Amino acid sequence: MVPADQGGGVMRADLLRESIAGLEEALAAVDAFDEVLVAGLLRPQPAQAAGLTELAHAVAGTPLAARVAEAAEKAAGGVAGDDHFVALAAARTALLGSVHDALTARVAEATGRSSGEEPVPAANEGQQAANLLAAARSWLCDLARSGWQGMDHDVVSGSAQVVSAMLPDPALRRLATLLDGFSAELAASCPGAAVDRFPVRRWADLWSRAILLTVPGAADAPATGTVTGRLLPLGVDLHEHDTAVQAQVHAVFEPADGTAARLVRASVSVPKPDTVVGAGIWQLLRAHMSLLAAVGEGRSMELHAMPVTAEGDLLWNDENANAGEPADAFATARVALPTATDTVTAPLDRHPARIAVPVFLEGYAAGKDDDTVMFTVAGQPLAVDTDRIPTAGPLTPEAVAASGACIGLLRWDAGTYRVQPLAVETTVRNKAVALHAGGWAGGTTDKAGAKAEKAATDAVAVLRERAGRLLRK
């Protein structure tokens, strides 16, 4: 909640608990199609025909209706071609896009913030390698025919040649990376006949996104412009995997020309050794983006002609940024966030899992429901996703449970809205403190953080020395 005397108002938390018309039906149609992909479409059975029909009926009143109806009929007869699979993937993506739009519209209503203008698609800068896109599409269609239950190493390995041919081309690297990661997940579960349970929604998401990216122009670079003004960080969302890590900074940008402030993001991703964990990952990231040091120090950044996409993603370049004055994230959340314009989402990226809207809450009552931390906001319970709190910072679930104010990302998961904490105000030893998930991004004197950084430094030094030795040989 944002105090009304500071230019904001009480967040309508009650709206987040109200049902949305058509939401369950849209998700049911998606689930029905996802089950079709489990068994595959090589020899369709009546249950799969029913799932295909449900998907077609769900988009019957849209421009996709005729193509999807034909695709569903052909797939149910076991004679679907590549274009038919593209149509089915488009229908599934459109349904999830409608769910995304309905959920974000409800968030906008609850927060009272307006959305930015719809992005203008970028001009096609060149013809992508049509033969490679067709080859990738062919593999994905074969995968849909075999299904998750029927896949084996021969089917999955069919992507290797395509990925290898795509990776050297920057215009195809987005699809190549997706195919590479997807095929690795599939390979880890081969043969499908021996698997009891599949990540049905996830694999269907990856399959449908990949097959749409094989449509020429779908993976074109987004339209970009430049911005000049002051960047006020709100917090850092950290994503860590065994071999890679990404830090995404959410911030309010105030243009130098005095136009309305807007929400933006800046991200940096790097590969990492699996031995570098916890606070040690910051040393891998901060060398590539000066913004992380500013976040750790509680400073703003002055941007000069910084490239930005229509969706609000800053294409960060340290040469276009200078460290600014001190800027407290909670002051930004209280004063600047309520009037900032929300980001917009490109059509292909509209998916419920992509929802991550910065919000500020205070005056709530924090408690626990079993193992879940709950905030009672304006009399309404709101679940807190403490599992997303990284170990690479001073923020902990215990601190969140004892907090009185929170900067977070409002997400939607498992049928309900949840808050992912980025920072909280709480009391430690009778002293009011602010704890940030990205508090160690610029370095730390905290004993635990410093110890983890030193261990990571030693691990990286050993790995570099071994790599150098191998190269010399």
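Here, each number is a calculation from the coordinates, and none is a lab measurement. Everything numeric here is computed off the predicted structure, so don't read it as measured data. Glycine gets a Cβ as well: all are built from the backbone with ideal geometry, and neighbour counts include every protein chain shown.
Ordering His57, His304 from the fewest to the most neighbouring beta carbons within 10 Å gives His304, His57.
The residues Ser138, Ser19, when put in order of fewest to most other Cβ atoms within 10 Å, stand as Ser19, Ser138. Summarising the label geometry, the points placed 7 Å from Cα in the beta-carbon direction at His351 and Ala60 lie 2.8 nm from one another. With only Cα atoms counted, segment 340-473 has Rg and Dmax values of 19.2, 67 Å.
Binning all Cα-Cα separations of segment 23-213 at 10 Å, short to long from zero, yields these whole-percent fractions: 9, 33, 34, 20, 5, 0. Amide H contacts of Asp413: Arg418, each under 5 Å away and 5 or more positions distant or on a separate chain (H built 1.01 Å from N in the peptide plane; Pro and chain starts excluded). For the chain, the longest principal axis of the C-alpha atoms and the axis of helix 173-187 are separated by about 70°. Taken one residue at a time, the phi angles of segment 95-110 give Karplus couplings (6.51, -1.76, 1.60, θ = phi - 60°) of 5, 5, x, 5, 5, 4, 5, 5, 5, 6, 5, 5, 5, 4, 5, 6 Hz. Gly and Pro are set to x. Grab the Cα-Cα distance for Asn317 and Val433, subtract it from 0.36 nm times how many residues apart they are, and report the gain in nm with one decimal. Additional length available on full extension: 38.6 nm. Remark: spin-label model distance Asp370-Asp328 equals 3.8 nm, labels positioned 7 Å along the Cα→Cβ axis. Once backbone amide H atoms are built at 1.01 Å from N, Ala378 has no partners under 5 Å, excluding neighbours fewer than 5 places away on the same chain. From most to least packed by mean Cβ count within 10 Å, the peptides 140-147, 59-66 give 140-147, 59-66.
Between Ala244 and Ala378, what is the FRET efficiency for a Förster distance of 51 Å, r being their Cβ-Cβ separation, to the nearest 0.05? It comes out at approximately 0.85.
Set against the 2.2 N^0.38 Å expectation for a compact globular protein, the chain has a Cα radius of gyration ratio of 1.04.
For segment 131-224, the average shadow cast by the Cα convex hull is 6.0 nm², which is a quarter of the hull's surface.
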